Amino acid sequence: LALSLTLDKASVGDNLENPYEITITEGIRDAWHGCFYQHDRLYTSEVFANKLGFQQGMLLPFSFLLHTAGAVSHADDTRKVFDLGIENAVYLKPAYLGDTLRKEYYIKDLRTTSDGNSTLLTVGCSLIKQTNEIVFSMNKHMLFEGTTSQGGTRDMRRPASKELPPSSQLLSQISSRSNTLSRSNALARLYEGQLILHSLARPIGSSMSMILSTMFRMTHPSLFNTKRFDFEDVVVPGGVMLAQVHAACSRCLYEILYEQLDHAQLLNMVAPDDLVGAISYVHSIRPLRENPELEEVVIQTWGVKGFDVGHELVDLELPTNIFSLDPVRRVELDEKLEKICPQLAGNVVTNSLRRLVRQSPRSETMFLL
């Protein structure tokens, strides 16, 4: 995907060619599960997936498809490229082990930065399997330093129109089949206004970060070239950052049947050896409109580097008004944190807002060992 070679001529609405296809093998899936803690049975249990009508077996994880959709090969490795964020990431139809996935990209927004030196790009990303069905879609925001586009606009004040996410056939199937599930309950219930300091925290590690970059055909030297970049300046890809953070949340949110990412901002870079944990805030819990037996949880999560969140920050006090349903800007968030929680300033690496569908709590308890 020669993005950096074509931006000078690109325009909104252009399709960007991507020749790569990848068949998802057991080795690829197992490498992913070995890196990212996954507690949701739809992705780990054939029996559970069959109960929900997925007769081909357990699904590929949401975070796996998000990283796959956003993994870009860059033809010009001399320019700095930054992943800024994701929005409207939706799991549309089932994707399984053995599926062959290809990508389609098209330009949704293209703007020159206010200093006139770089380009802000929003790309619509679709994952399509061998049956020509779109299984996953999202929008990805990127910054290309040192390259500008004649097709873009310099008006940074131009309001962006609100784009509604597409409806998910996957969610419809889960909703219609949820009565086949047992009535077990997770150990800890969620409630509105809850602040969760997730106990799991881990680095991705240099070797696995490079493997996940190469496995998904990412080529930018900032991901693995230790000759051009000092070791501490090698970075983790944006999709891997989000997967790390959401994996840290998995156990405390058991059990997610379906998730949708409304938006996520990648605020600070993460090195492969950085310890990454998470803090979540529950904004709302409502019965799912399609099936009141299920609940929809709107939850905001910060990825935090450099702290064993569940232990070092156990006495952390954060005012609830620091959490918001809206996207955040790094500078504004750090200014707030400097006043109320200075140890976190500069260490919040991601901010994400997700909608999680779970079984409504029951009277029974399932103990997670």
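The values are calculated or read from the model by the stated rules, or taken from the named source; none is laboratory data. The shown structure was predicted, so the numbers you read here are calculated from the model rather than taken from an experiment. With ideal geometry, Cβ positions are generated from the backbone for all residues, glycine too; neighbour counts draw on all protein chains shown. Each accessible area value is taken on the protein alone, full model and side chains, heavy atoms only, with ligands, DNA and RNA left out. Shrake-Rupley method; radii C 1.70, N 1.55, O 1.52, S 1.80 Å.
Considering only the stretch 248-354, give the strands (runs of 3 or more DSSP E) lying wholly within it that have at least 2 residues that are more than 19 Å from the chain's Cα centre (by Cα).
Per the criteria, 276-288, 291-305.
Could you please let me know if Ser137 is out of contact with any Lys or Arg (no Cβ under 9 Å at 6 or more places or on another chain), polar (S, T, N, Q) and either part of a strand (DSSP E or B) or farther than 26 Å from Asn268 by Cα (or both)? Considered against the rule, which asks whether it is out of contact with any Lys or Arg (no Cβ under 9 Å at 6 or more places or on another chain), polar (S, T, N, Q) and either part of a strand (DSSP E or B) or farther than 26 Å from Asn268 by Cα (or both), Ser137 comes out as yes. In the stretch 82-102, the qualifying residues are those that are open to solvent by less than 30 Å² (accessible area, probe 1.4 Å) and part of a strand (DSSP E or B), and the one that is nearest to Val328 (Cα to Cα) is Gly85. The condition (being under 28 Å from Thr25 (Cβ atoms), surrounded by fewer than 16 Cβ atoms within 10 Å (Cβ to Cβ) and modelled with pLDDT of 95 or more) is satisfied by just one residue among Gln173, Gln169: Gln169.
Of everything in the stretch 11-31, what is under 21 Å from Ala201 (Cα atoms) and without any contact (Cβ under 8 Å) to a residue 60 or more places away in the chain? Give them in sequence order.
Asp30, the sole residue that qualifies.
For the residues Gly57, Gly53, the requirement of being open to solvent by less than 10 Å² (accessible area, probe 1.4 Å), closer than 14 Å to Pro94 by Cβ and assigned to a loop (DSSP other than H, G, I, E, B) singles out Gly57. Against the test of being free of Cβ contacts under 8 Å to residues at least 60 places away in the same chain, touching a Gly at 6+ places or on another chain (Cβ under 8 Å) and more than 30 Å from Leu171 (Cβ to Cβ), the options Asp334, Asp315, Asp308 yield a single qualifying residue, Asp334.
Residues in the stretch 182-215 that are modelled with pLDDT of 75 or more and closer than 19 Å to Val297 by Cα: Arg189, Leu190, Tyr191, Glu192, Gly193, Gln194, Leu195, Ile196, Leu197, His198.
Assess whether Ala271 counts as being at pLDDT below 95, among the aliphatic types (A, V, I, L, M) and open to solvent by less than 30 Å² (accessible area, probe 1.4 Å). It is true that Ala271 is at pLDDT below 95, among the aliphatic types (A, V, I, L, M) and open to solvent by less than 30 Å² (accessible area, probe 1.4 Å).
There is no residue in the stretch 117-124 that is open to solvent by less than 50 Å² (accessible area, probe 1.4 Å), more than 22 Å from Leu267 (Cα to Cα) and modelled with pLDDT of 90 or more. Scanning the stretch 22-44 for residues that are in contact with a Ser or Thr (Cβ under 7 Å, 6 or more places away or on another chain), modelled with pLDDT of 90 or more and open to solvent by 40 Å² or more (accessible area, probe 1.4 Å) gives Thr23, Tyr37. Taking each residue of the stretch 85-99 that is under 17 Å from Ile28 (Cα atoms) and looking for partners that are open to solvent by 20 Å² or more (accessible area, probe 1.4 Å) and not in a loop (DSSP other than H, G, I, E, B) with beta-carbon atoms closer than 6 Å, six or more apart or interchain, yields Leu97/Arg29. Restricted to the stretch 287-310, and to residues there that are of a type in the set (Asp, Glu) and open to solvent by 20 Å² or more (accessible area, probe 1.4 Å), the residue that is nearest to Ser360 (Cα to Cα) is Glu293.
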